[in-house]
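Comments concern the structure below.
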Amino acid sequence: MRFLKDYKEIKGDASFRKFYRNKNKNTIIVLAEKERNKNLLIYDAINKILIKNKILAPKLLNQNYKKNYIEIQDLGNQTIYQLFKSKKKNNYLILKEVIKVLNKIQLIKNKKIKTFEKKDYKIKEYKIQILFNEAKLFCDWYVPSKLLKKIHISFNYKFKKEIKFLLSKLNYGNDTFVHRDFHVSNLMLNLENKIAVIDSQDALIGNKAYDLASLIDDVRFKTSNSLKDKVYNYYLKSNNKININKFKEDFEILSVLRNLKIIGIFMRLALRDNKKKYVKLIPYAWELINLRMKNNKAFDNLRLLLNDNFPKVLGK
């Protein structure tokens, strides 16, 4: 494409988008020929809401929706994930700053904004049915690749029943801005050492515990259980009106459901899209599922079901 001649393609993510950087202009082209509405129009709308609430996110500089691209501010190429991998910083101190950003995000009240197409966009609700459909990706993609058909039909019936039970146990309603992929790969450190949020096009209004579970139980970056606990407790201290027991229940349920969803998505990427690199992250997703299930009786039936069918991957 002629307009990209001064841009260099940069590493993307698991989506259908492509990204091109112009170092001289400090801008990035986001090209989306598939799912254009979500990846361009909604992405910018959510970014506008974040910016309006004094949260650093990419500003729109130019758009050509008809040609499937937008041009946005370049916030640099240093993610918090890369910073952690370099082992040059104290992870806990940085994660405390991340929690401060999360707290600001969770204070967002405005759910409506004008898109660059001059139409109103309202952030939708993270309904129970959406959470159920996401967890169901596990039995749509992972289960058929691991169990015989006559077994996986029976497994799926029991699995869905347990997911519905867990969803009925959630305490907090849908009243909070949820990024949905709030983890260290989607947090940038700009040149002024401020934390910026990217990849926000899937944001919904949902459960207060979801983004914390996404951050602490991040399948892409292994952290010790002691660091997980420290970050979790720091969040609680900075949100002292939370009912600790109810919040913990929601945190554990949403973490387990999220990682079951992720296993399904990673298998889908491998089998449907030939993106096999994500499969290597599945064992850690199982570790996280086991970590959150092991001391919570709400998971007793699900744990038995998973242990009976996947004894080697779930662990003790």
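Values in this text are rule-based calculations from the coordinates and carry no lab data. Computed from a predicted model, the values in this text were never measured in an experiment. Using ideal geometry, Cβ is built from the backbone for each residue, glycine included, and neighbour counts are taken over all protein chains shown.
What number comes out for the charge environment of Phe138, summing +1 per Lys or Arg and -1 per Asp or Glu over other residues with Cβ under 12 Å away?
+3
Gaussian network model of the chain, Cα springs within a sub-10 Å range: biggest mean-square fluctuation belongs to which of Ile262, Ile130, Ile198?
For the chain, modelled as a Gaussian network with Cα springs under 10 Å, the answer is Ile130.
Give the residue from Leu83, Leu260, Phe16 lying farthest towards the positive end of the charge dipole for the chain; charges sit on Cβ (+1 for Lys and Arg, -1 for Asp and Glu) and the dipole is referred to the Cα centre.
Going by the Cα projections, it comes out as Phe16.
Less than 12 Å Cβ to Cβ from Glu125, Lys/Arg counted +1 and Asp/Glu -1: what total charge do the surrounding residues give?
With Lys, Arg at +1 and Asp, Glu at -1, the neighbours total +3.
Considering Cα pairs under 8 angstrom that are at least six residues apart, work out the relative contact order of the chain and quote it in whole percent.
With pairs under 8 Å counted, the relative contact order is 17 percent.
What per residue convex hull volume, in Å³, do the alpha-carbon atoms of the chain yield?
142 Å³
Given C-alpha coordinates of the range 91-210, what is the ratio Rg to Rh with the Kirkwood estimate of Rh?
Rg/Rh: 1.07.
Whole-Hz Karplus ³J(HN,Hα) for the range 50-58, in order, using 6.51 cos²θ - 1.76 cosθ + 1.60 and θ = phi - 60°, x for Gly and Pro?
Result, rounded to whole Hz: 4, 4, 4, 9, 6, 10, 5, 8, x.
Based on Cβ point charges of +1 for Lys and Arg and -1 for Asp and Glu, what charge dipole magnitude is obtained for the range 2-73 about its Cα centre, in debye rounded to the nearest 20?
140 debye
Going through the cross-link list Lys8/Lys127; Lys89/Lys164; Lys66/Lys124, which pairs have a Cα-Cα distance over 32 Å in this structure?
Those over the limit are Lys8/Lys127; Lys89/Lys164.
Give me log10 I(q)/I(0) at q = 0.23 Å⁻¹ for the range 2-73, Debye formula, one equal scatterer per alpha-carbon, no solvent.
Each listed q corresponds, in turn, to -1.08.
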